[in-house]
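For reference, the structure discussed in these notes is given below.
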Amino acid sequence: MAVGRRWPTLEILAMDLKEAYRFPIPEILAFLYAFFPLIFSPVAYAAMGLEAEEARLLIIMSLSSSMISFITIILILKNISYGLANEIRKGLVQTYLTYPVGRASFFLVKLISGVLIPIAYIVLSICVFTGLLFPDLALKHLDVFLLGLLAFVADVLLPASLMFLAAIAVRRGGASLAIGIALLFAVNVISSILLMIGNITGWEGVRHVYYTLNPLAALMRHYSLAIGGTPLGPGGGAPTMWECVAYLSGNYAIAIAFYVAALIYFLRRFEPV
């Protein structure tokens, strides 16, 4: 209890983690995050036939994270779109704010438990899978591995920022969950439309927007076209490495902007019920 009085933010974080990740959720997640990459390990070994080692590494990472990214999105929908919005509706947030803890600290607690920990599952799963099966390849191209890891995180971090903002603004679990799912579909539909328009017209602006929303696709296209491949993309040639870094940075900048907008709203305009 003395620790709680000294560190109220940590006490709230501990309570939040205990509620969000009660038994058997962590055990099931650990199993799924280890199980699905192992299923795709034979396909990953088949990818070793590719000429470019960098493209090989990205495909291996992609295979290990395809299903776990979907699981992570579902987890964030549960924790943020439904969980946080429900806490607001039931008045639990108002109770938490009676602790000697600022709104910014409470926002950080929800960001850690609802978004960053699920993303940490992705990072850990990819690192373990790649480290166990292809450690030499990952170490040889550590820069590509780290860029790919950041790109996989970006695929989850951006839609999660939209869910976070929607949950705080809507404040109702059912409606927030529906909006969160709709936002996921909207992002995917926009990406598909941009891909189609880019293939038809070859417009440079469309290409830049598409790759900003999908920085992993830019990396894959960069290394695949570098060895003569023809992956699906929004027209134009392969992006350069600096362009890939710019797309990735732009994606993170957009996500951070949404999180900052959610924080500003929570600090200045949010009134718990």
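The values are calculated or read from the model by the stated rules, or taken from the named source; none is laboratory data. In this text, all values refer to a predicted model and were calculated from it rather than measured experimentally. Cβ placement follows ideal geometry from the backbone for every residue including glycine, while neighbour counts extend to all protein chains displayed.
Some notes on this structure:
- Scanning region 56-68 for residues that are surrounded by fewer than 17 Cβ atoms within 10 Å (Cβ to Cβ) and touching a Gly at 6+ places or on another chain (Cβ under 6 Å) turns up nothing.
- Being touching a Ser or Thr at 6+ places or on another chain (Cβ under 7 Å), surrounded by fewer than 18 Cβ atoms within 10 Å (Cβ to Cβ) and closer than 24 Å to Ser64 by Cβ is a property that Leu133 has.
- Restricting the search to helices (runs of 4 or more DSSP H) fully inside region 157-273 and requiring at least 3 residues that are among the β-branched types (Val, Ile, Thr) and modelled with pLDDT under 90 gives 173-201.
- Only one of the listed residues (Phe185, Phe152, Phe164) is under 17 Å from the mean Cα position of the chain (by Cα), buried (at least 21 other Cβ atoms within 10 Å of the Cβ) and more than 27 Å from Glu53 (Cβ to Cβ). That residue is Phe164.
- Filtering region 109-126 to residues that are without any contact (Cβ under 8 Å) to a residue 24 or more places away in the chain and either within 21 Å of Leu177 (Cβ to Cβ) or outside any helix (DSSP H, G or I) (or both) leaves only Leu116.
- Subset of region 69-93 (residues that are under 17 Å from Leu216 (Cβ atoms) and either surrounded by fewer than 23 Cβ atoms within 10 Å (Cβ to Cβ) or modelled with pLDDT under 75 (or both)): Ser69, Phe70, Ile73
- Extreme residue, farthest from the chain's Cα centre (by Cα), among residues of region 94-129 that are polar (S, T, N, Q) and exposed (fewer than 15 other Cβ atoms within 10 Å of the Cβ): Thr98
- Scope region 246-264; condition among the hydroxyl-bearing types (Ser, Thr, Tyr) and closer than 18 Å to Tyr211 by Cα; matching residues: Tyr247, Ser249, Tyr252
- Residue count for region 94-108, restricted to those that are in a helix (DSSP H, G or I), within 19 Å of Tyr265 (Cβ to Cβ) and either modelled with pLDDT under 85 or out of contact with any helix residue (DSSP H, G or I) (no Cβ under 8 Å at 6 or more places or on another chain) (or both): 2.
- Residues of region 13-36 that are more than 15 Å from Ile74 (Cβ to Cβ), touching a Ser or Thr at 6+ places or on another chain (Cβ under 8 Å) and either modelled with pLDDT of 75 or more or not in a helix (DSSP H, G or I) (or both): Leu13, Asp16, Leu17.
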